[in-house]
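The values are calculated or read from the model by the stated rules, or taken from the named source; none is laboratory data. In this text the structure is predicted, and so the values were computed from the model without any measurement. Don't worry about glycine lacking a Cβ; one is built from the backbone with ideal geometry, like all the others, and counts go over all protein chains shown. Heads up: the accessible areas ignore ligands, DNA and RNA and are worked out on the full protein's heavy atoms, side chains in. Shrake-Rupley method; radii C 1.70, N 1.55, O 1.52, S 1.80 Å.
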Amino acid sequence: MTSTFPDISINTERLMLRPFEEADAPELAAMMSDELSVAWTSAPMPYTRREAYDWITRRAPAERTEGRGIVLAVTEYLTHRLVGSVHLMNTDWRVLSTEVGYVVGPWARGEGYAAEAVQAVAQWLFRDQKFERLELRTAAGNTASQQVAQKVGCISEGVLRNALIVRSRTEDGGWTDIRTDLIVWGLLPEDIEEAPHHRGRPADV
């Protein structure tokens, strides 16, 4: 039998992490079409509303039901506005290890939302799901993502040379693929400091 994560929502003081809904498609498409999202993710380009709808209704739910991970929309608790996404993936149920990826929309950057969301997911993962390791991988040039890793307590474990393809702007305004190094970060249960303002708690779904 395939192990799966529960269909869950997680609250912090500022955020609600919940499954994506069809109504999120326009905001998701806008977020994934942003320059930094295009540069640092492997998401389709252009990222249309149809692409967003397919992710929300078919591919994201399959991540959970097929045991690969779970995808959560990150929304502001008070306004319910979509500010980002957190994705647990490449889950190994025997080792109890999984990898986290995240995206934050341009209108929500600089507020600490990514670190707050990842820390909440990590605490839920270790406390409620009894996982032993959370891995995070960042492109060598993605300093903002590296700051998130450091803020949540991840330890830099090494560099995978030439292991990632990212996108870079060309002189004519288009995009081209370039190879880059990948920094691997690890987070274990003992690495997490319980920060009250970031503490996540499961919410009723």
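Taking R0 as 30 Å, what's the FRET efficiency between Thr79 and Leu36 from their Cβ-Cβ distance, rounded to 0.05? Once the sixth-power term is evaluated, E becomes 0.85.
To the nearest 500 deg cm²/dmol, what mean residue ellipticity at 222 nm is calculated for the chain from DSSP H runs of n ≥ 4 alone, each contributing -39,500 (n - 2.57), summed and divided by the residues?
-6500 deg cm²/dmol
In this calculation the C-beta distance from Thr65 to Ile178 is compared with R0 = 25 Å, giving a FRET efficiency of 0.10. Within the accessible area of the range 1-150, the carbon and sulfur atoms contribute 50%, probe 1.4 Å, all protein chains present.
Overall form of the range 70-165: oblate. Here a/c, set by the Cα gyration tensor axes a ≥ b ≥ c, is 1.5 or more, and a/b is not larger than b/c. Shape of the chain from its Cα gyration tensor (a ≥ b ≥ c, root eigenvalues): rounded if a/c is under 1.5, otherwise prolate when a/b > b/c, or oblate? Rounded, since a/c falls under 1.5. Were the residues from Ala163 through Trp107 laid out at 0.36 nm apart, the gain over their Cα-Cα distance would be 17.2 nm. What the chain shows is 52 Å² of accessible area per residue, with the surface traced by a 1.4 Å probe over protein heavy atoms.
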